[in-house]
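Read through the structure below, which is laid out as structure tokens, and then see the notes.
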Amino acid sequence: MQYFDRSSAVVSWNSEKTIIMYPCPLTSKTRRYYVDFKVTFVTGKTVLVEVKPEKQTKMPELKTKKPGKRHLAELALYAVNKRKWQYAKQYAERRGWDFKVWTERSLETLGIKLLR
């Protein structure tokens with residue numbers, strides 16, 4: 001990612017090399033979660049970063065009285081994401097790192113333009 005390459009605050013970064021095992025809330029099977037980025041800064045701080053659309057970071061709203069397939073799929077995705085992030089946060093904390101979820105708003109705040 002050019003943002004990390006160009007930043008004088010970043011010592012190193014990698015993409016999808018950090019793998020975290022977590023129990024899937026839908027199947028209870030152990031799954032692999034590949035975190036989007038691991039970034040180490042000149043301060044010595046390391047952050048695991050997941051990038052998601054903001055919509056996927058919030059509980060889906062039920063827009064009708066009866067949930068349809070789409071709503072159920074959104075709920076399932078949200079449940080899986082929450083579980084992954086719970087385990088990623090614990091993984092990071094055990095190592096003295098941080099875990100962050102960035103959305104399109106986070107990226108725009110950093111000056112990263114999204115392709116639309």
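The values are calculated or read from the model by the stated rules, or taken from the named source; none is laboratory data. The structure displayed is predicted, hence computed values, not measured ones. Using ideal geometry, Cβ is built from the backbone for each residue, glycine included, and neighbour counts are taken over all protein chains shown.
The lone criterion from (1) in contact (Cβ under 8 Å) with a residue 40 or more places away in the chain; (2) surrounded by 11 or more Cβ atoms within 10 Å (Cβ to Cβ) left unmet by Asn81 is number (1). The set of residues in segment 15-35 that are at pLDDT 95 or above and small (Gly, Ala, Ser) contains only Ser15.
Restricting attention to segment 3-35, the residues that are more than 19 Å from the chain's Cα centre (by Cα), free of Cβ contacts under 8 Å to residues at least 24 places away in the same chain and exposed (fewer than 15 other Cβ atoms within 10 Å of the Cβ) total 5. Look at Leu48 and say whether it is surrounded by fewer than 16 Cβ atoms within 10 Å (Cβ to Cβ), without any contact (Cβ under 8 Å) to a residue 60 or more places away in the chain and of a type in the set (A, V, I, L, M). It is false that Leu48 is surrounded by fewer than 16 Cβ atoms within 10 Å (Cβ to Cβ), without any contact (Cβ under 8 Å) to a residue 60 or more places away in the chain and of a type in the set (A, V, I, L, M).
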